[in-house]
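A quick write-up on the structure given underneath.
Derivation of every value follows stated rules applied to the coordinates shown; laboratory data play no part. Everything numeric here is computed off the predicted structure, so don't read it as measured data. Here Cβ is always computed from backbone atoms with ideal geometry, including for glycine, and neighbour counts include all displayed protein chains.
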Amino acid sequence: MSRISGKPQSGYTQLLEGSYLSTARAVNVDVHHKHCYQIAKFLRGMNCVEAIEYLEMVIVQKKAIPYTRRSRKGKGGNTMAGHRKGKMGPGKFPNKASKVFIKLINSAMENARQRYDTIDAEDMVITHCAAHRGQVHSGWKPRAQGRATPKNHYQINLEIFLEHFGEEEEEDEF
């Protein structure tokens with residue numbers, strides 16, 4: 001399934017393949033797309049518990065999310081964020097988006113607990129995490145002398161896949 005750029009699309013963007021796979025979606029969330037893109041890129045490949053702990057540190061502004069897209073790498077462009085302490089480079093503390101991602105990861109972990117009895121949800125790894133454009137609420141802002149300018153409110157759709165790669169715990173029957 002391919003994604004049409006600039007238009008909202010229903011359903012997951014990836015094929016649901018895997019033996020121990022758990023998913024969760026958040027539709028039409030009111031958060032900035034740029035922040036969610038950076039968080040999703042950072043969380044891919046992380047353990048669920050580590051990701052939640054890191055996002056909680058972001059909320060209290062102890063650690064930052066590295067902003068790699070639209071960062072200046074000798075070619076000019078928008079720098080979007082200043083450098084942070086340590087060896088990270090540009091980064092920010094997206095508070096509202098971090099709270100949404102914590103809720104999304106907890107939802108996917110709860111889905112895994114409901115679906116699989118033999119595995120531990122805390123051992124799952126984030127294999128796919130994405131932020132896509134959702135619905136656009138279009139409106140008009142009245143201006144002087146009978147004019148009006150468009151006032152659009154953009155929302156996003158978030159999706160996350162968790163997968164368990166360890167050995168399954170099988171019970172021996174005697």
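Worth a mention:
- Per-residue HN-Hα couplings for segment 132-142 [Karplus 6.51, -1.76, 1.60; θ = phi - 60°; Hz; x = Gly/Pro]: 10, 5, x, 6, 10, 8, 8, x, 10, 9, x
- Contour excess over end-to-end distance, with Cα ends at Tyr12 and Tyr154 and 0.36 nm allotted per residue: 49.2 nm
- Mean Cβ neighbour count within 10 Å, used as a protection proxy, ranking 53-64, 118-129 highest first: 118-129, 53-64
- For a label point 7 Å along the Cα-to-beta-carbon line of Lys96, residues of segment 17-47 with backbone N under 16 Å: 27-39
- Within segment 21-163, all pairs of alpha-carbon atoms sorted by distance into 5 Å bins from zero give the percentages 2, 10, 16, 18, 17, 13, 10, 6, 4, 2, 1, 1, 0, 0.
- Taking 18 Å as the limit for the C-alpha separation, the pairs Lys103/Lys151; Lys99/Lys151; Lys62/Lys96; Lys34/Lys99; Lys96/Lys141 exceed it in the case of Lys103/Lys151; Lys99/Lys151; Lys96/Lys141.
- Ranking Ala40, Pro94, Ala130 by how far each Cα lies toward the positive end of the dipole of segment 21-163 (charges on Cβ) leaves Pro94 at the top.
- Sequence-ordered 3J(HN,Hα) estimates for segment 117-123 from the Karplus curve with 6.51, -1.76 and 1.60 and θ = phi - 60° stand at 8, 8, 10, 9, 5, 6, 8 Hz, glycine and proline given as x.
- The label-point distance for Asp30 and Val60, in a model that sets each label 7 Å from Cα toward Cβ, rounds to 2.8 nm.
- Net lengthening on full extension, Thr68/Lys41 (0.36 nm per residue, minus Cα-Cα): 8.8 nm
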